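The structure appears below as structure tokens.
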Amino acid sequence: VPTGMCFNKGLGEILGVPMPMTDKVLTWAQECIGMNFMVDGKMCGSDIGKTRAPQATGITTLAAFCKAAAIEPVTSVPRSLASPNFKVVFLRHGESLWNVANIFTGWADVDLSPAGELEAIEAGKCLKQKGFKFDVVFTSVLRRSIKTAWTALMHSDNYSMPIINSWRLNERHYGALQGLNKAETAAEHGDDQVKIWRRSYDIPPPSIDLDDECHPCNDPLYKNVPAAALPGAESLALTVERVLPFWFDNIAPCIMSGRSVLVVAHGNSLRAICKYLEKMSETQVLDLNIPTSVPLVYELDQRLRFVRKYYLMDPDEVAAKMAAVANQGKAKEWRLACLTVLFLVAAHGNSLRAICKYLEKMSEAGVLELNIPTSVPLVYELDYRLNFVK
């Protein structure tokens, strides 16, 4: 505590970065060890001289810190300190398999779809074209976020940097809705109810109990996280409460130290950060639709106050992706054809019969009566579970 934590808190104080979780832990720790490092959130306690906090040696400004550390701002401090504004890049993961199937995903650890992998590649190429090099990367612990980061980094020639995974950057937990089809749920409960669950700010969906096998406390991925901290369902408000401490204590200090930062996460965890940065109202953040795998750059001033934001891809393409996000979850006919993913199978009478028999669940007698003419295109329409439609 007197070394690492006090140093981090002291540097954060110099940089003007709020560190609420560190404050809580440090307050508790100094009581446990009977020492006084921090008073009213400031590193000025009677025992400060026994720590490695900059304040222990009288350093209270960034200029003094840089001088003591022999840092030359023009040459040694990474990119951002020498420029008027800091930049941080946000990237929502590529399309997942459950995005394709229009299923509530939340904390379910599903993989990227083939289209999602291609989206991540395009994001990487875009970052390379714009010349982005990263010093540190943050992701959630869910594979769709991690694989998007890996893929985008490889295709932007970013190889050597720490990648930090945190459950606090996970998607919003959708509780008992996870694994259910959005359109079918809307058809059963009504568009209005599903809109409340998905888009209200402070009303969570139905929760799952601690003894439910689907609760995160029963997932080995979260074995080192206290069960009381893990949600059974979350509203956007609860997601904001979960995400912001990680922003204050981990991401923001990296940005303010001049590092180039990439955050690869999820629609709602990124919303939480954007809401804070832009000081959005509860109503405004509900209208924020972040498209998949489109790099979003935020420029912030030296106090991490919002200056401007912009996407790195074509505006028309971004607008179309935003509209697709906004239209999810409506009760409507939904088929794979909507994805414009087409397959051409050019084969033989009996090999095609084998596929047709499976799709239509034909009897052995029925398939013998199936005669497929030569060189005549035969189209099968299937629903999102690949059940035969027509």
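Observations
- Accessible area of residue 364 (1.4 Å probe, protein heavy atoms only, ligands and nucleic acids ignored): about 140 Å².
- Largest-first principal axis extents, alpha carbons of segment 1-147, Å: 59, 41, 19
- The heavy atoms of residue 86 present about 0 square angstrom of accessible area, all protein chains included, probe 1.4 Å.
- Per-peptide average of other Cβ atoms within 10 Å, ordering 253-259, 8-14 highest first: 8-14, 253-259
- Contour minus Cα-Cα distance for residue 361 and residue 199 (0.36 nm per residue): 54.4 nm
- Modelled FRET efficiency - R0 25 Å, residue 348 with residue 111, Cβ distances, 0.05 increments: 0.15
- Helical runs assigned H by DSSP (4 residues or longer) give the chain a calculated mean residue ellipticity at 222 nm of -10500 deg cm²/dmol, each run adding -39500 (n - 2.57) before division by the residue total.
- Estimated translational diffusion coefficient (Stokes-Einstein, Kirkwood radius over Cα pairs, 4 °C, 1.567 mPa s) of the chain: 55 µm² per second.
- In terms of its alpha-carbon gyration tensor, segment 172-254 comes out oblate; a/c meets the 1.5 threshold, while b/c is at least as large as a/b.
- Which of 217, 6 is most accessible, then next, and so on - probe 1.4 Å: 217, 6
- Cross-link check: pairs 147/390; 125/275; 195/361 evaluated at a Cα-Cα cut-off of 30 Å; pairs beyond the cut-off: 147/390; 195/361.
- With θ taken as phi - 60° and the Karplus curve 6.51 cos²θ - 1.76 cosθ + 1.60 applied, the whole-hertz 3J(HN,Hα) list for segment 12-24 is x, 4, 4, 7, x, 9, x, 9, x, 5, 4, 4, 5 Hz, x standing for glycine and proline.
- Per residue accessible area of segment 249-311, 1.4 Å probe, in Å²: 35 Å²
The values are calculated or read from the model by the stated rules, or taken from the named source; none is laboratory data. Please read these numbers as outputs of a predicted model, since none were measured by experiment. No Cβ is skipped: glycine too gets one built from the backbone with ideal geometry, and neighbour counts run over all protein chains shown. All accessible areas refer to the heavy atoms of the entire protein, side chains included, with ligands and DNA or RNA removed. Shrake-Rupley method; radii C 1.70, N 1.55, O 1.52, S 1.80 Å.
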